[in-house]
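Contents: one structure, followed by commentary.
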Number of protein chains: 2
Amino acid sequence: MSRAIPTPGLPPTAALLPVTVDVIGLTVRGGVLQVLLVQRLLEPFAGVLALPGGFVLPDETLEAAAARELVEETGVAPPGHLEQLRTYGPLDRDPRGPVVSVAHLLLAPAFGLPAAGGDAADVAWHDVRPLLAGRGGAGRALAFDHARILADGVERARAKLEYSALATAFCGTEFTVAELRSVYEAVWDVRLDPRNFHRKATGTPGFLEDTGRTTSGGTGRPAALYRLAEAAGDPAAVVLNPPLMRPDA
Amino acid sequence: MSRAIPTPGLPPTAALLPVTVDVIGLTVRGGVLQVLLVQRLLEPFAGVLALPGGFVLPDETLEAAAARELVEETGVAPPGHLEQLRTYGPLDRDPRGPVVSVAHLLLAPAFGLPAAGGDAADVAWHDVRPLLAGRGGAGRALAFDHARILADGVERARAKLEYSALATAFCGTEFTVAELRSVYEAVWDVRLDPRNFHRKATGTPGFLEDTGRTTSGGTGRPAALYRLAEAAGDPAAVVLNPPLMRPDA
DNA sequence: CCAAAAGTGTTCCGGGTACACCCATGG
DNA sequence: CCATGGGTGTACCCGGAACACTTTTGG
């Protein structure tokens, strides 16, 4: 098995492998957790839904590669929070041979997608629930090992909402407590008590900041508008203490 | 930059990268958290301490590669729990060029190492604390970006002790509550109340199982010997509910 | 006035912390 | 009988869950 050595100085035992990034792009639309999927054009798995992704170039970081692939496949630069999830080993992933894939998690407010059938493959939001439930069942399956990767990503998102301000990554810059609660309910797939959630969210130090403005036009009393507490460039860096705990279920 | 394509069928945009595994091997000896380090024989960083690791072969999983490297560098097959930590991008890691490294975390009881100056590089246990504190300070630095990787690994270990039974991975198959507490104290670098810890550890369902046997010979009352609750092949899979929380500090 | 959603006050209770106290062994 | 560490009982207190109640808008 002879391979070109790209970098002088690396020992001859240095086998080279194709390295890809896959992106689990999550959003909350209509109170439901959704994931960004593409329909594959080429074999293997032509026509099957898959996570967006592609090969890492040698002169970019993993995160930059994930961001670049998102731009290439969606046509826009998505807002939101991007972080590495985990890496899936070279074996039993791609029928063409060994491939290492570094999965990334994107948590973003719902953003517009180019009209279906655009330049790349068909890209659209899909409800997460049937994709998780349909292990080998009724739901449409995902290509490669992407069902497993999606499950890992959703679990990471669920866990991180507990002890960080990451839920705000699903919202716009300003949002109501009810919108934030809707994010928690969608991601955790539970009902939360609006009154206790309100007290908890507004009472946690370093989490929310009142803008002084309110909503208008809706039915019922107007809601105060909040934003993520300032000096928090990355909502993942905000440690919620005490955490917002999900019910035992 | 021309590269050989190892697998027919992959698109020509598929750049190949050297992929390595690094292992953060943690243990608790004498009430102190320690990490397994090698002294590098070759440039770059010849003579500098580094995490053990090496290149991934195309026909093995990432975890298998990590386990293989451990055997090669320590001369023994270490016991304990091995899990993937995270992956460090191709840039600004190795002066020789882009390298992707998948870091793994090993939590193990203290195991013997071959006599210093054995077959591979000099491998030994080192206290973790000065390596974390000596950011750019007094402590001896680690090669490459290994100081950062070590910090990430220790933080993962600290977090996982809270809500899983992973602390038992540092112990033998049978251990006392005091030994288990010593693990928590070493990893978290705190003092814990022995009485409350005892109640908490023995009272958490699915965690500990009384063997019925006790220690003997030490000073004071003999301690009951426990083992990890059965049907728990992997202690990381045991969810502690409620968790053992580390003090705020 | 009524419906609906926002926001507050209050009660109950489980679990963590602090610490007094008893138990079992070696010397 | 004393020192040492193992193990239990208990009182206090904080924070989450449940839910009654008030506030503010539109119709």
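Working from Cα pairs under 8 Å separated by at least six residues, relative contact order for chain A is 19 percent. Across identical copies of the chain, residue A:63 has label-point separations of 2.8 nm, listed in ascending order, with the point defined 7 angstrom from Cα along Cα→Cβ. Distant-in-sequence amide contacts of residue A:238, defined by a placed amide H-H separation under 5 Å and a gap of 5 or more residues or a different chain, comprise A:165. Given a Förster radius of 35 Å and the C-beta distance between residue A:213 and residue A:190 as r, what FRET efficiency does 1/(1 + (r/R0)^6) yield to the nearest 0.05? For residue A:213 and residue A:190, the calculated efficiency is 0.75. Each chain gives up part of its surface: B and A jointly bury about 3200 Å² of accessible area, both sides summed, for a 1.4 Å probe. Provide the FRET efficiency to the nearest 0.05 for the residue A:239-residue B:122 pair, computing r from the beta carbons and using R0 = 41 Å. With R0 = 41 Å, the Cβ-Cβ based efficiency is 0.55.
So if I average 1/r over every pair of distinct C-alpha atoms in segment B:19-160 and take the inverse, what Kirkwood radius in Å does that give? Before the final figure, lay out each step's value.
On the way: mean 1/r = 0.0659 Å⁻¹.
So the Kirkwood estimate lands at 15.2 Å.
Normalising the average separation of contacting C-alpha pairs (under 8 angstrom, six or more residues apart) by the number of residues puts the relative contact order of segment B:188-249 at 32 percent. Note on chain A: with a GNM built from Cα contacts shorter than 10 Å, the maximum mean-square fluctuation among A:190, A:48, A:99 falls on A:190.
In segment A:137-235, taking the dipole from charged Cβ atoms about the Cα centre, the farthest positive-side position among A:144, A:235, A:218 is held by A:218.
The mean sequence separation of alpha-carbon pairs under 8 Å and at least six residues apart, normalised by the residue count of segment B:19-160, gives a relative contact order of 30 percent. Close amide-amide hydrogen proximity is noted between residue B:229 and B:208, B:209, each under 5 Å apart and 5 or more residues distant or on a separate chain (H modeled in the peptide plane; Pro and chain starts excluded). Distances between equivalent label points of residue B:77 across the copies, with each point positioned 7 Å along Cα→Cβ, amount to 5.1 nm, shortest listed first. Sequence-ordered 3J(HN,Hα) estimates for segment B:68-80 from the Karplus curve with 6.51, -1.76 and 1.60 and θ = phi - 60° stand at 5, 4, 4, 4, 5, 8, 9, x, 9, 8, x, x, x Hz, glycine and proline given as x. Set against the 2.2 N^0.38 Å expectation for a compact globular protein, segment B:194-249 has a Cα radius of gyration ratio of 1.31. Between the helical axis of B:194-203 and the longest alpha-carbon principal axis of chain B there is an angle of about 80 degrees.
Counting only Cβ charges, +1 for Lys and Arg and -1 for Asp and Glu, the dipole size of chain A around its Cα centre is about 720 debye. Output, in nm with one decimal and in ascending order, the distances from the residue A:214 label point to the matching label points of the other copies (7 Å from Cα along Cα-to-Cβ). Label-point separations across copies, in nm and ascending: 6.8.
Would you mind checking the tilt of helix B:146-163 against the longest principal axis of the Cα atoms of chain B, expressed as 0 to 90 degrees and rounded to 10? Once rounded, the angle reads 30 degrees. Against the main long axis of the alpha-carbon atoms of chain A, helix A:177-188 sits at an angle near 40°.
Solvent exposure of residue A:210, expressed as accessible area, is near 80 Å², computed with a probe of 1.4 Å over the protein chains only. Given +1 at the Cβ of Lys and Arg, -1 at the Cβ of Asp and Glu and no other charges, the dipole of segment B:164-237 around its Cα centre is 320 debye to the nearest 20. Modelled label positions at residue B:43 and residue A:224, each set 7 Å beyond Cα in the direction of Cβ, lie 6.3 nm from each other.
P(r) for chain A, from all Cα pairs and a bin width of 5 Å, is 1, 6, 12, 16, 17, 14, 11, 9, 6, 4, 2, 1, 0, 0, 0 %, short bins first. Over the Cα atoms of the protein assembly as shown, each weighted equally, I'd like the Debye log10 I(q)/I(0) at q = 0.05 Å⁻¹, rounded to two decimals. Each listed q maps to, in turn, -0.22.
The H on the amide N of residue A:24, modeled in the peptide plane, is under 5 Å from the matching H of A:104, A:105, A:106, each at least 5 residues off or on a different chain. Give me the Debye-computed log₁₀ of I(q)/I(0) at q = 0.20 Å⁻¹ for segment A:132-249, equal point scatterers on Cα only, no solvent, two decimals. Debye output, listed in q order: -1.09.
The values are calculated or read from the model by the stated rules, or taken from the named source; none is laboratory data. Keep in mind that this is a model prediction, so the values were computed, not measured. Note: ideal-geometry Cβ built from the backbone for every residue, glycine included; neighbour counts use all protein chains shown. Surface areas here come from the heavy atoms of the whole protein model, side chains and all, with no ligands, DNA or RNA. Shrake-Rupley method; radii C 1.70, N 1.55, O 1.52, S 1.80 Å.
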